[in-house]
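Reading through the structure tokens given below for one structure.
The values are calculated or read from the model by the stated rules, or taken from the named source; none is laboratory data. Just so it is clear, the structure is predicted and the values come from calculations on it, not from any experiment. Here the Cβ positions follow ideal geometry from the backbone for every residue, glycine too, while neighbour counts run over all protein chains shown. Heads up: the accessible areas ignore ligands, DNA and RNA and are worked out on the full protein's heavy atoms, side chains in. Shrake-Rupley method; radii C 1.70, N 1.55, O 1.52, S 1.80 Å.
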Amino acid sequence: WKVIAPITNPEKVLCVGMNYIDHCEEQGAPVPKEPVIFSKFNSSIVGPTDDIPYPAVTEQLDWEVEMAIVIGKTAKDVPEDKAMDYVFGFTVAHDVSARDWQFKNGGQFLLGKSMDGFCPLGP
């Protein structure tokens, strides 16, 4: 048998970047005053034991381990005290990045974060 990602076709994959001081320092970047929000395409999701591709178009492959929060029902304008009512569960995410592509196009993260296989999830 094979362990697959716990969710494979979510409506959205929303991510928060530069969300801890050590990572900002590691990147030589200032700690942001507001969250850095970016997304990943569904095609970046693979299982936790799948091989991570190393695309020929990048020379700067990098990765980070993240906590993923799975939202289980439609949510919009949810009060903070009700937020956990919308959480289905938690899992581990592997945030893979092509750093050289991440900072192209004015620093839009999407290209460097959404290549196929760049979001192993689970178990």
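Would you mind finding the one in PRO32, PRO48 that is open to solvent by 40 Å² or more (accessible area, probe 1.4 Å) and either among the aromatic types (Phe, Trp, Tyr) or in contact (Cβ under 8 Å) with a residue 60 or more places away in the chain (or both)?
PRO48
Of all the residues that make up the stretch 51-87, how many are open to solvent by 40 Å² or more (accessible area, probe 1.4 Å) and among the polar types (S, T, N, Q)?
Residues in the stretch 51-87 being open to solvent by 40 Å² or more (accessible area, probe 1.4 Å) and among the polar types (S, T, N, Q): 2 in total.
Within the stretch 24-60, track down each residue that is in contact with an Asp or Glu (Cβ under 6 Å, 6 or more places away or on another chain) and in a helix (DSSP H, G or I).
Within the stretch 24-60, SER43 is the sole residue that qualifies.
Considering only residues that are surrounded by 14 or more Cβ atoms within 10 Å (Cβ to Cβ) and within 18 Å of ALA98 (Cα to Cα), look in the stretch 6-29 and name the one that is nearest to the chain's Cα centre (by Cα).
Selected residue: CYS15.
Exactly one condition in (1) in contact with a helix residue (DSSP H, G or I) (Cβ under 8 Å, 6 or more places away or on another chain); (2) of a type outside the set (A, V, I, L, M, F, W, C); (3) part of a strand (DSSP E or B) is not met by GLU66; state its number.
Going through the list (1) in contact with a helix residue (DSSP H, G or I) (Cβ under 8 Å, 6 or more places away or on another chain); (2) of a type outside the set (A, V, I, L, M, F, W, C); (3) part of a strand (DSSP E or B), GLU66 breaks only (1).
Restricting to the stretch 63-75, name every residue that is among the basic types (Lys, Arg) and within 13 Å of LEU14 (Cβ to Cβ).
None; the set is empty.
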